[in-house]
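Heads up, the thing below is written out as structure tokens.
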Amino acid sequence: MNAVSIVRRLVTIDSDELRFRARGHTRRVLDRSRYAVARPRWSRASIVRILDAHTSAHVAAAHDAARRGDFLAAHFQARRSAWPLHAADMDAVLNRIAGRFPAAASDAIARGNRIAEGRFNLLGYQDLEFGSPPDWHLDPVHGRRPPRRFWTSVPYLDPVCGDHKVIWEINRHQHWIALGRAFWLSGETRYRDLFVRELQSWIAANPPLTGINWTSMLELAFRAISWMWAVEFFCHGADGDDDPWLVDLLLALDTQLQHVVNNLSRYFSPNTHLSGEALALYAVSQALPELRTSRTRARIGRDVLVAEASKQIRPDGGHVELSPHYHRYSTDFYLLALLVARASDDPAAAAFEHAARVQAEYLRTIADDQGQLPLIGDDDGGQLAGWCGTRPADASVTLGIAAAALRESALAVTPAHEEVYWWVGDTVDMHDGDSRSAWPSTLMNASGYFVSRTPAGDHLIFDAGPHGFLNGGHAHSDALSVYLSARGQPLLIDAGTATYTMDPGLRNRFRSTRMHNTVVFNGRDHAEPGGPFRWLTHPNARLLFAHIRPGVDFAEGTHDAYTHASHVRSVLALEGTGWIIVDHVLGDEEVEAEAWWHVHPSWSGVLDRTLAVSEPLHRMDHGDWAVYSPEYGRIERAPAICVVKRGRPPFAFATFIPANPPSTATPVIRQLPVEVAPPAGWVGSAFHITGTPNLTILLATRAARDSRTGGPEALWGTAGIRTDARVCAVRDDTVPVLIEGQTATATPVVASAVHMPPARASSFTGRPCRS
């Protein structure tokens, strides 16, 4: 940040933020000074100080036991906490899981054995070798380690330190939950013993305030949540004075939670960082009344979660960062907060339930009918759930938990996974039918997404929303992108994320406009990056018009990235026929427009029958653009198509994807001349598709890019078809589909295609509206 930016920031900062930052700075200066004199160490004797003997008789007994040197296991085995899983319910849980999932034990053992071997699948990486116990400061992908120094001095974004995402992921300790599952389902104490060894190893390798594992408050929060699961999983089998691990865990957990309190991301990252930190403070503290400061920390967490629900959740239920993966994070956060609030009779449960419900409905909308999420914006590969093996792009577990917790079976996309039972117990059975409910096409005005679906499992997302949140740290340069799954299979895909900080060129390439299913003017991206999590420009897209009715969905949008020309994209979905995407280029100066399409590799062999364009195309199966990252850190080949058209606006080109690709014939789309132009203020284009069925499309868009409803209100069209509609689609001899119009007339004139130039090489608000 330059001097001018700093001055502008200081001018706009309010007194609350100034005081918060001043207190934080002073605390860090004092901590650094103490650290320089004597580095802090763990001390088991502190357990008496952090326990609150006045909370209840049970806690008083635990406090007295700690004073005698006992190690608290008996207390935690018998008590019932606000956490979703209780150690006291071990037998009932095992009966429930074993009865419904006969293969669960063998799967849990296999996963536990891999952990014992020191091999992990993290993010998009497979078989990473961290050792056993793991090297808690190693990035094994790049063979690098960050320095072990005072936490504010660790340059964790510097590639020299390795990929902080990889290091942080193993230190979230979510694999301890997998070990707990293996311990309970197999009854083998070696999984519990491995957990204890890893806990002791981590505490020894991470003294207070030292190293990369103290630098991100969100990472401490995720770790605290994993440790709370571990408390419930591993209390059984503790052997009194010979087993002090619980004391060590509580001491380290208390210290980390206080570190989060002292450094909340109120102004640093007021997004899922802040809400995730608040979740740990609230949920873990509510579940651990034994700790003296739990009541205060729970209050802080509760207040932040309630406040952020109104700041981070848009009126249509979407998370403000406009990334499906981060939205799933936020949904998980409020579901866990809700479960804990209900268990502790906290009145905040009502606020948490509302936040969880609107986000779950939004999640169900942007996920396909198998629960798969598109890779819109950043996806960091992490998840709060998923410790039974579901991958990051799979939201089916979250939706299953939401269906049970919110008593809304329509949210579920599959029968309940095993993990759902670990979270919500027998409640699942009341809201888990064998048949899944159809979810409608939906317009989400506040987030700018238009989602079209069919009973056959087709799922299209048209992204005409703003450029992320605040500085758009997790946004991509993807205005007016389209994502499509056909019959449950991903077809038009987002390129994904690949990396955050390890390769700046790769980071910027995967965020660039050409890596998305949209249009580039004159070779210039929609947005200019200013670092791995910053943008120098912030273009925004917006929906101009949308129409949803059975069998026919239509939406139109534009954006403000270019000053001398504009892009208007229209998307028409005809159930049983396919999808037509028309791109209009408007303006008064010559423009070279590139339309890019990125296709899932599973369609590579039938691509000529799957996608037709009205201009000559250039297909790429190799090179910088013919790749995608299905998970963070993993890059695979995927075909890319580029279509180039140069001219003086207005002009248009179109793309057609058939709903049922023919087995042999190749669909062909050609532009038709518009012989009678639409009235002033409108721009019209027409296209004819040869295939099964034959299809003619006439489409008029407003030249002024405004969002008024209505059609041209005067006949316009080709030699063969005249209409007063905004959209007119004629399939063979069937009744025309009209949108914002009343009339379509046909004459027996044979349609003639427009001459094509040779190819050129080129390097609304409220809950989701259902109709």
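Checking each residue in segment 384-398 for being more than 19 Å from PRO84 (Cβ to Cβ) and among the hydrophobic types (A, V, I, L, M, F, W, C) picks out only ALA393. From the list ALA456, ALA438, ALA393, the one residue that fits, being open to solvent by 10 Å² or more (accessible area, probe 1.4 Å), touching a helix residue (DSSP H, G or I) at 6+ places or on another chain (Cβ under 8 Å) and closer than 27 Å to GLY578 by Cβ, is ALA393. Residues that are in contact with a Lys or Arg (Cβ under 7 Å, 6 or more places away or on another chain) and open to solvent by 10 Å² or more (accessible area, probe 1.4 Å) were ranked within segment 647-666; the one that is farthest from GLN372 (Cα to Cα) is PHE651.
The set of residues from segment 584-633 being small (Gly, Ala, Ser), open to solvent by 20 Å² or more (accessible area, probe 1.4 Å) and more than 14 Å from VAL519 (Cβ to Cβ) comprises SER602, SER604, GLY605, GLY623, GLY633. Listed by position, the helices (runs of 4 or more DSSP H) contained in segment 1-96 that have at least 3 residues being at pLDDT 70 or above and open to solvent by less than 50 Å² (accessible area, probe 1.4 Å) are 15-37, 47-50, 73-78.
For segment 396-434, taking the residues that are among the β-branched types (Val, Ile, Thr) and at pLDDT 90 or above, the one that is most open to solvent (accessible area, probe 1.4 Å) is identified as THR414. If you filter segment 614-667 down to residues that are in a strand (DSSP E or B) and among the small types (Gly, Ala, Ser), you find that the one that is farthest from VAL683 (Cα to Cα) is SER629.
The single condition among (1) aliphatic (A, V, I, L, M); (2) out of contact with any helix residue (DSSP H, G or I) (no Cβ under 8 Å at 6 or more places or on another chain); (3) in a loop (DSSP other than H, G, I, E, B); (4) open to solvent by 10 Å² or more (accessible area, probe 1.4 Å) that LEU443 does not satisfy is (3). Before we move on, is SER310 farther than 30 Å from LEU373 by Cα and open to solvent by 10 Å² or more (accessible area, probe 1.4 Å)? Judged against the criteria, SER310 is not a match. Taking segment 530-553 as the range and being open to solvent by less than 60 Å² (accessible area, probe 1.4 Å), touching an Asp or Glu at 6+ places or on another chain (Cβ under 6 Å) and aliphatic (A, V, I, L, M) as the test, only LEU544 passes.
Please go through segment 360-389 and pick out each residue that is among the acidic types (Asp, Glu) and not in a helix (DSSP H, G or I). Full working, then the answer.
Let us first name the residues in segment 360-389 that are among the acidic types (Asp, Glu), namely 361, 368-369, 378-380.
Answer for segment 360-389, where residues must be among the acidic types (Asp, Glu) and not in a helix (DSSP H, G or I): ASP368, ASP369, ASP378, ASP379, ASP380.
Scanning segment 456-480 for residues that are of a type outside the set (A, V, I, L, M) and at positive phi turns up GLY457, GLY468, GLY472.
State yes or no: is ALA573 small (Gly, Ala, Ser), within 23 Å of TRP597 (Cβ to Cβ), at pLDDT 95 or above and out of contact with any helix residue (DSSP H, G or I) (no Cβ under 6 Å at 6 or more places or on another chain)? Don't jump to the end; show me each part of the working.
Values: small (Gly, Ala, Ser): yes; within 23 Å of TRP597 (Cβ to Cβ): yes; at pLDDT 95 or above: yes; out of contact with any helix residue (DSSP H, G or I) (no Cβ under 6 Å at 6 or more places or on another chain): yes.
Taking the combined requirement at face value, the residue satisfies it.
Pairs linking a residue in segment 490-501 that is more than 10 Å from PRO630 (Cβ to Cβ) and among the aromatic types (Phe, Trp, Tyr) to a residue that is open to solvent by 10 Å² or more (accessible area, probe 1.4 Å) and assigned to a loop (DSSP other than H, G, I, E, B), with Cβ atoms under 6 Å and 6 or more positions apart or on different chains, are TYR500/PRO532.
Restricting attention to segment 111-124, does a residue exist that is farther than 21 Å from ILE177 by Cβ and exposed (fewer than 15 other Cβ atoms within 10 Å of the Cβ)? The answer is no; no qualifying residue exists. Could you figure out which of (1) closer than 20 Å to VAL424 by Cα; (2) of a type outside the set (Lys, Arg); (3) in a helix (DSSP H, G or I) isn't true of ASN113? The number of the failed condition is (1).
Within segment 693-719, how many residues turn out to be in a strand (DSSP E or B) and in contact with a Phe, Trp or Tyr (Cβ under 9 Å, 6 or more places away or on another chain)? Show your work before the answer.
First, pick out the residues of segment 693-719 that are in a strand (DSSP E or B): 695-702, 716-717.
Checking which are in contact with a Phe, Trp or Tyr (Cβ under 9 Å, 6 or more places away or on another chain) leaves us with 695-702, 716.
Final tally of qualifying residues: 9.
When the residues of segment 468-505 are filtered to those that are over 20 Å from the mean Cα position of the chain (by Cα) and among the aliphatic types (A, V, I, L, M), the one that is least open to solvent (accessible area, probe 1.4 Å) is ALA486.
Just for segment 741-771: of the residues that are buried (at least 19 other Cβ atoms within 10 Å of the Cβ) and in a loop (DSSP other than H, G, I, E, B), which one is modelled with the highest pLDDT? So that I can check it myself, show each step before the final result.
Restricting attention to segment 741-771, the residues satisfying the condition of being buried (at least 19 other Cβ atoms within 10 Å of the Cβ) are 741, 744, 768.
Pick out the ones that are also in a loop (DSSP other than H, G, I, E, B) and you get 741, 768.
On the way: GLY741: 90, PRO768: 32.
My answer is GLY741.
Yes or no: LEU279 more than 30 Å from PHE533 (Cβ to Cβ), in contact with a helix residue (DSSP H, G or I) (Cβ under 9 Å, 6 or more places away or on another chain), aliphatic (A, V, I, L, M) and at pLDDT 95 or above? Spelling it out, it is not the case that LEU279 is more than 30 Å from PHE533 (Cβ to Cβ), in contact with a helix residue (DSSP H, G or I) (Cβ under 9 Å, 6 or more places away or on another chain), aliphatic (A, V, I, L, M) and at pLDDT 95 or above.
You will find that of GLY377, GLY382, GLY318, the residue that is under 19 Å from the mean Cα position of the chain (by Cα), of a type outside the set (Lys, Arg), open to solvent by less than 10 Å² (accessible area, probe 1.4 Å) and at pLDDT 95 or above is GLY318 and no other.
The values are calculated or read from the model by the stated rules, or taken from the named source; none is laboratory data. Remember, predicted model here, so these are calculated numbers, not experimental data. Positions of Cβ are backbone-derived with ideal geometry, glycine not excepted, and every protein chain shown enters the neighbour counts. For accessibility, only protein heavy atoms count, side chains too; no ligands or nucleic acids. Shrake-Rupley method; radii C 1.70, N 1.55, O 1.52, S 1.80 Å.
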